[in-house]
Amino acid sequence: MKKVVSIISALALTVGMAASFSANAADSSAPTVYFKTKETKGVEVLSSGNLYVNKKAADANGAVIPAEVYLSDKNAGAGWVCVKWACEKQGLTLQNVKDPQTKPYKSYTNDTITSEKTKSDGVKVLSALYCDANVPTDGKLKPLQLAGEKSDSYPLATFEAAVDKSAAGSYDIIIYNKNQDFTYVTYRTGDNPEYVPDSEKYKLNCKELRVNVSDRLLGDVNNDGKINAVDASEILSAYANVATSKPTGLSAEAEAAADVDGNGKINAVDASNVLSYYAYQSTSNADKSKTLNDFIV
């Protein structure tokens, strides 16, 4: 069996306030909104941090994924934090948004932190707001005071992502910036008045969460109950099609199973991971209980 050469793929990031730039171009000091999730029945956290849902291994009505949203702000200069997120594709529903047990800021003046609203197009938008509207006697606006060591020591909010049994393919939980609903962080630094960062260095960086949904094991592209060279071959065929601007030739559920690292791309890295796992499982001392995701991570 010929060795497949691995190709490193960068995960594209969506950026708040309708701006976009590559991960390499984003300054490490820019504030970043991101999600954290936990594995539950039928749900695996992949090496990319994104999720894979095997509907056959989940509960009868689908999978319910606990999740949290965070703001990483190394400058600790936020005076207002307004984060909104949504999934625009039917089959994955965001629900049960709640205030976190421990909040990331010691004090804030808004009465309500978390809320949800269904837009006219049927998209449900969840939101979290923290603000300090107090004006000190010296007139100098102060940043929100952190409750922990860092701005993301605690989440902005908690919620659930419910995957329906009818779901198939890829679903993105995005930071929402549409129809007069915006995600933003305003800064208060030194003697400067409150402002929204607009330079590339401090522009808000938003990381979406992808949920791949299928009816088979991760890596079992042809759904025959085995993960082997046949699956790797199908992945490479799909990769070749994409490279020539053609459809993958796979169903939505097969595509989800083929993106084994969950980075949103089907390529030689996925095929290499499948072949390596197949070779490992073919050895006499292999741990037969180890899944493909366990092997990769």
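The values are calculated or read from the model by the stated rules, or taken from the named source; none is laboratory data. Here the structure is a predicted model, which means the values were calculated and not measured. Counting neighbours? That spans all protein chains shown, and the Cβs are built from the backbone with ideal geometry, glycine included.
Condition test on residue 221, is it out of contact with any Cys (no Cβ under 7 Å at 6 or more places or on another chain), in a helix (DSSP H, G or I) and either within 30 Å of residue 142 (Cβ to Cβ) or at pLDDT 95 or above (or both)?
So residue 221 does not fit the description; no.
Are there any pairs with C-beta distances below 9 angstrom linking a residue in the stretch 270-283 that is in the same structural domain as residue 239 (by TED's automatic domain parsing) to a residue that is among the hydroxyl-bearing types (Ser, Thr, Tyr) and outside any loop (DSSP other than H, G, I, E, B), with the two at least 6 apart or on different chains, and if so which?
Sorted first by the residue in the stretch 270-283, then by its partner, the pairs are 270/239; 271/233; 271/239.
Within the stretch 261-284, restricting attention to residues that are part of a loop (DSSP other than H, G, I, E, B) and under 24 Å from the mean Cα position of the chain (by Cα), which residue is farthest from residue 52 (Cα to Cα)?
Selected residue: 267.
Looking at (1) under 29 Å from residue 52 (Cα atoms); (2) touching a Phe, Trp or Tyr at 6+ places or on another chain (Cβ under 7 Å), find the lone condition where residue 186 falls short.
Only one criterion in (1) under 29 Å from residue 52 (Cα atoms); (2) touching a Phe, Trp or Tyr at 6+ places or on another chain (Cβ under 7 Å) is unmet by residue 186, namely (1).
Residues checked against (1) in contact with a helix residue (DSSP H, G or I) (Cβ under 8 Å, 6 or more places away or on another chain); (2) of a type in the set (Val, Ile, Thr); (3) under 25 Å from residue 181 (Cβ atoms); (4) in contact (Cβ under 8 Å) with a residue 60 or more places away in the chain:
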| site | (1), (2), (3), (4) |
| --- | --- |
| 59 | no, no, no, no |
| 70 | no, no, yes, yes |
| 107 | no, no, no, no |
| 116 | no, no, yes, no |
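Could you list, in sequence order, all residues of the stretch 63-78 that are surrounded by 20 or more Cβ atoms within 10 Å (Cβ to Cβ) and either outside any loop (DSSP other than H, G, I, E, B) or outside the structural domain of residue 161 (by TED's automatic domain parsing) (or both)?
Selection gives 63, 65, 67, 69, 70, 71, 78.
Could you count how many residues in the stretch 135-159 are within 18 Å of residue 73 (Cα to Cα), surrounded by 17 or more Cβ atoms within 10 Å (Cβ to Cβ) and modelled with pLDDT of 95 or more?
Result for the stretch 135-159: 7.
Restricting to the stretch 192-218, give me the number of residues that are at pLDDT below 90 and either on the phi > 0 side of the Ramachandran plot or aliphatic (A, V, I, L, M) (or both).
Here the count works out to 2.
So how many residues does the stretch 224-260 have that are part of a helix (DSSP H, G or I) and either of a type outside the set (Val, Ile, Thr) or surrounded by 20 or more Cβ atoms within 10 Å (Cβ to Cβ) (or both)?
20
Would you check which residues across the stretch 42-71 are modelled with pLDDT of 95 or more, farther than 13 Å from residue 161 by Cα and charged (D, E, K, R) and list them?
Listed by number, the residues that qualify are 44, 55, 56.
Only one of these conditions is not met by residue 294: (1) of a type outside the set (A, V, I, L, M, F, W, C); (2) farther than 30 Å from residue 71 by Cα; (3) free of Cβ contacts under 8 Å to residues at least 60 places away in the same chain. Which number is it?
Status for residue 294: all satisfied but (2).
List the number of the failed condition for residue 122; all other conditions in (1) closer than 29 Å to residue 256 by Cβ; (2) touching a strand residue (DSSP E or B) at 6+ places or on another chain (Cβ under 9 Å) hold.
The number of the failed condition is (2).
Please go through the stretch 47-57 and pick out each residue that is of a type outside the set (Val, Ile, Thr), closer than 17 Å to residue 220 by Cα and surrounded by 20 or more Cβ atoms within 10 Å (Cβ to Cβ).
Within the stretch 47-57, 51, 52, 54, 55 qualify.
Do you know which of the residues in the stretch 135-156 that are without any contact (Cβ under 8 Å) to a residue 60 or more places away in the chain and either assigned to a strand (DSSP E or B) or of a type in the set (A, V, I, L, M) (or both) is farthest from residue 180 (Cα to Cα)?
So the residue we want is 147.
Are any residues in the stretch 160-192 in contact with a helix residue (DSSP H, G or I) (Cβ under 6 Å, 6 or more places away or on another chain) and either polar (S, T, N, Q) or buried (at least 18 other Cβ atoms within 10 Å of the Cβ) (or both), and if so, which ones?
Passing the criteria: only 168.
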